[in-house]
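Okay, structure first, notes after.
The values are calculated or read from the model by the stated rules, or taken from the named source; none is laboratory data. This is a predicted model, so every value here is computed, not measured. Here the Cβ positions follow ideal geometry from the backbone for every residue, glycine too, while neighbour counts run over all protein chains shown. Accessible surface is based on the protein model in full, side chains and every heavy atom, while ligands, DNA and RNA are left aside. Shrake-Rupley method; radii C 1.70, N 1.55, O 1.52, S 1.80 Å.
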Amino acid sequence: MKKRVGVVFGGRSVEHEVSVITGMQVIENIDKTKYDVLPIYISKEGKWLTGESLMNFKNFKNDNLKNLKEVIMTPKYNDNRLYSHPEDIGFLGKKLVENVDVIFTALHGTNAEDGTVQGLLELIDIPYTGAGVMASAVGMDKIVMKDVFRAHGLPVVDYMWFFRKKWSTDRETVINDVEKKIGYPVFVKPANLGSSVGITKAKDREKLIDAIEIAIRYDRKIIVEKSVEAPREINCAVMGYDDNVKTSLCEEPVGWKELLTYEDKYISSNSKGSKSGGRNIPADLPEDTTKLIQETAKQAFMAIDCRGNARIDFLLDQEGKVFVNEINTLPGSIAYYLWEPMGIDFKDLISELIDIALFAHKEKNENMYSYDVDLFKRVEFGGSKAKKI
């Protein structure tokens, strides 16, 4: 019997369009002999919608989405169903739209890839692909991510961070700290954002101020990182669960200057194996450097207790030193192009991620969630001397 897979994409994120593309790719390539697909599109306004017109990318390109139903999933344990939105049928009604066996998370960015949607799915207790709540949240927050990597002894560039409120009340201290602790040039980034949105390089005080003014539009936490000059970016995907993980080939995006921008990632690099303006797969690296990056990628994946399929991005300096730049717990296009040369095509990759989701869900439900010790009988309330627990 085929399983019904709800493919969730879109979301209230600056990476909305990237997510739509990933979702369309998953819907197009999923093994239709094993799975029935239910598209679940989260609009930029946060509405959850479903309908046949979501199955065709042309409808997004031509702004021709029709006959969509607004749906909800409720945080009710073991209720793997989508219902019509109460405003469409009245709050006393509860019209079932579809059952779903597993959710495929084709989401990117804030309000999507950061553990929020994963938290809802955990409450429902429905299997879902990709990282869990904690790993998703850690992977999204560049500050916490780097703190964890550094605690695990993984190589990261020097960095510092501050709140937006600090900038608005005491910017002179922030600037002095950057110049004293890190020094120019630096990269200024919103802590919780992907696809290079809001990131600027600063080589002096004037540029630093401009860069921070841009970053604070996107997040309340700002990270400032020491720039690795004239680096090579090398990416490697990791797939698996617990310590049973494997790595992909390494790729090197090429044709970019100083910063791999949104356009570099999704427009200029939209070709595989390109020798100019795209990506080289595999990256042209010494064998020992490739092995070092692949092993470090595994360690980064396991450091945040990730699962599913993540892409870890590295910086390689002119002397050959490797730095972990970041982990993408739900990479664009699910990084299929890194697995295809290894004999895992897009269809098989989707199936493997669903298998991991089902296995993780099964193992989670081996945990005990009840501990009966008659605690209520041992605790007294009332008066000013209530017993401590």
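Solvent-accessible area assigned to carbon and sulfur over the stretch 1-104 amounts to 47 percent, based on a 1.4 Å probe. Restriction of the trypsin sites (Lys or Arg not before Pro) in the stretch 46-134 to DSSP coil positions whose beta-carbon has at most 15 other beta-carbons within 10 angstrom yields K47, K66, K76, K94, K95. Express the Stokes-Einstein translational diffusion coefficient of the stretch 64-135 in µm² s⁻¹, to the nearest whole number, given a Kirkwood radius over alpha-carbon pairs, 37 °C and a viscosity of 0.692 mPa s. For these conditions, the coefficient is 245 µm²/s. The alpha-carbon atoms of the stretch 111-253, seen along their principal axes, cover 49, 34, 26 angstrom, with the largest extent given first. F314: net charge of surrounding residues, Cβ under 12 Å, Lys/Arg +1, Asp/Glu -1, itself excluded? Once all neighbours under 12 Å are counted, the net charge is -4. Each 5 Å bin from zero up to the one holding the largest Cα-Cα distance in the stretch 309-362 carries the following percent of pairs: 4, 17, 18, 19, 17, 13, 6, 3, 1, 0. Working ranking of peptides 300-308, 241-249 by packing, defined as the average number of other Cβ atoms within 10 Å per residue, highest first, is 300-308, 241-249. Pop the C-beta distance of K69 and L358 into the FRET formula with R0 = 41 Å and round what comes out to the nearest 0.05. It comes out at approximately 0.90. Close amide H pairs (under 5 Å, H built 1.01 Å from N) link N280 with E252, V254, residues at least 5 positions away or on another chain.
When you work out D = kT/(6 pi eta Rh) for the stretch 95-188 at 25 °C and 0.890 mPa s, using the Kirkwood radius from C-alpha pairs as Rh and the Stokes-Einstein form, the result is 150 µm²/s. Modelled spin-label separation between D147 and D88, with each label point placed 7 Å from Cα along the Cα-to-Cβ direction: 4.2 nm.
Residue separation of N176 and K2 scaled by 0.36 nm, minus their Cα-Cα distance, works out to 56.6 nm of gained length.
Scattering from the stretch 1-77 was approximated by placing one identical point on each alpha carbon and applying the Debye formula without solvent; log10 I(q)/I(0) at 0.15, 0.18, 0.21, 0.27 1/Å stands at -0.52, -0.74, -0.98, -1.40.
Report, to one decimal in Å, the Kirkwood hydrodynamic radius for the stretch 167-219 based on all distinct Cα pairs.
The answer is 11.2 Å.
The amide H of S227, built 1.01 Å from its N in the peptide plane, has V186, F187 as neighbours under 5 Å, considering only residues 5 or more places off or on other chains. Its residue count N fixes a reference of 2.2 N^0.38 Å for the stretch 127-172, and the Cα radius of gyration divided by that reference is 1.54.
Scaled to the globular estimate 2.2 N^0.38 Å, the Cα spread of the chain, given as radius of gyration, is 1.07. Against the empirical curve 2.2 N^0.38 Å, the C-alpha radius of gyration of the stretch 182-249 lands at a ratio of 1.42. You can think of it this way: the chain between D317 and F381 has 16.7 nm of extra reach, that is 0.36 nm per residue less the Cα-Cα gap.
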